[in-house]
Amino acid sequence: MLQKFKLDSRTYEIAGLMAHFAGDKHSARTYFERSIELNESYNNDPSTISPIGLGQILLDEGKNVEAEVYLSHALEINLNEVKNGSQDDDTRFYIAGIYAIRSQRAEALSWLTKAVDANWIDYAQVQHGPWFVKYRNDPDLISLIESLRNKTAAMRQKVE
């Protein structure tokens, strides 16, 4: 599948994300690991999600210490971005995802709300992605998704 693409860190990261969404944790893990290996800016790259996905997979495998290394690293980088004034909505979403993976519900919902407040609207990542799987039936999360659906429907209606 990847033979048609430039095999760089981002290509492996996207492949990892696709495999993770599809439930293929083995392939996702391989792609995320390769993405991290090829990412020369890994130590300070706030746009990479490979350590978040890899951290979740390792946590699911019971490799808590390894998982925490990746999740803590990603959390620190993203929190620093916010602290330094970043207005990027994805940064807040990544932080929410890390807290959700760690089963820290209140923090996850708080940061997800901050992401929405920063104009993040990609609710399909919450509904269908692996990071928030534990909270799919959570009434607060369902309510937040419904408000995002209404927001995107209103945006579509405006455009039409």
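The values are calculated or read from the model by the stated rules, or taken from the named source; none is laboratory data. Remember, predicted model here, so these are calculated numbers, not experimental data. All Cβ positions, glycine included, derive from the backbone under ideal geometry; neighbour counts span all protein chains shown.
Taking ASP117 as the residue in question, decide whether it is closer than 25 Å to TYR42 by Cβ and either touching a Leu at 6+ places or on another chain (Cβ under 8 Å) or among the charged types (D, E, K, R) (or both). Considered against the rule, which asks whether it is closer than 25 Å to TYR42 by Cβ and either touching a Leu at 6+ places or on another chain (Cβ under 8 Å) or among the charged types (D, E, K, R) (or both), ASP117 comes out as no.
One residue alone among GLY62, GLY97 is under 22 Å from GLY23 (Cα atoms), touching a Phe, Trp or Tyr at 6+ places or on another chain (Cβ under 8 Å) and either among the hydroxyl-bearing types (Ser, Thr, Tyr) or at pLDDT 95 or above (or both), and that residue is GLY97. Taking each residue of region 19-43 that is of a type in the set (Val, Ile, Thr) and surrounded by 15 or more Cβ atoms within 10 Å (Cβ to Cβ) and looking for partners that are in a helix (DSSP H, G or I) and at pLDDT 95 or above with beta-carbon atoms closer than 8 Å, six or more apart or interchain, yields THR30/GLY16; ILE36/SER50; ILE36/PRO51; ILE36/LEU54. Go through the residues of region 84-98 one by one and say whether even a single one is out of contact with any strand residue (DSSP E or B) (no Cβ under 6 Å at 6 or more places or on another chain) and farther than 24 Å from LEU148 by Cα. Yes, that holds for at least one residue. Close contacts from region 142-160, counting a first residue that is surrounded by 10 or more Cβ atoms within 10 Å (Cβ to Cβ) and a second that is at pLDDT 85 or above and not in a helix (DSSP H, G or I), with Cβ to Cβ under 6 Å and a gap of 6+ residues or different chains, come to ILE145/TYR123; LEU148/ILE121; LEU148/TYR123; THR152/ILE121. Consider region 81-137 and keep the residues that are small (Gly, Ala, Ser) and surrounded by 19 or more Cβ atoms within 10 Å (Cβ to Cβ). The one that is nearest to ILE52 (Cα to Cα) is GLY97.
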